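Below: the structure, in structure tokens.
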Amino acid sequence: MVHWRFRGLHRTPPAFWRAGMIAGLAMAAACGLDSPSAGPEPSSSTEPVATFPDGHAVRLEIARTPEEHARGYMFRQKVGRREGMLFLFDQEDFHSFWMKNCLVSLDLIWLSGDLQVVYFESDVPPCRHDPCPGYAPMRKARYVLEVRGGTAGKAGLRVGDFIQVKGVDLGTLVPSGGPASVQNPNRLRRWFKES
């Protein structure tokens, strides 16, 4: 029990103070204040959302352009458990990714044109030293979904599962030859030096 100094005496706080503190802590925990990275649940029907087979939903940021592909989750201090980024490409290919300048672990999930999981890498760690390893699927993919590290495992995701995506125009094309879709990480490195 915490003792309080009151008028020079050590006293236990009155019972109503203790009850108020306990109620406040309980409300903070119920509201998610103890885990700020959790983020609110996706709510709007027009908001881009991806839903895993187990029902876990994540709000999506959309990466359509080569610049958005190259930036991804670089320099982010955290990725909430209900946050994700969907990379849209104009064609199925072996889209390669790396973790240069990423500060958090991510799950990388490669999806076919019909949103079937063709490959994924779990808990990919940030790259702290050059050269950074590249991560590529074993089969061609049209889209790549990045989520907080450990999400795929918690959702029980497997190759062959389908991810449901709402609120995204998947027909939007991305110019080919973008820096994130190349197999050569040096090309991406050159792109950032020129920016």
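Throughout, read-outs are computed from the coordinates displayed, never taken from laboratory work. Owing to the predicted nature of the structure, the values given are computational and were not obtained by experimental measurement. Neighbour counts run over all protein chains shown; Cβ positions are idealised from the backbone, glycine included.
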(request) Based on the mean of other Cβ atoms within 10 Å per residue, sort peptides 152-162, 114-124 so the most packed one is first. (result) 114-124, 152-162
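Among L103, L60, which comes first, then next, by fewest other beta-carbon atoms within 10 Å?
Working: L103 14, L60 22.
Ascending Cβ contact count within 10 Å gives the list L103, L60.
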(message) Need the C-alpha centroid separation for the stretch 134-168 versus the stretch 79-117, integer Å.
(response) 7 Å
(message) Using a 10 Å cut-off around each Cβ, can you sort I109, I163 from fewest to most neighbouring Cβ atoms?
(response) I163, I109
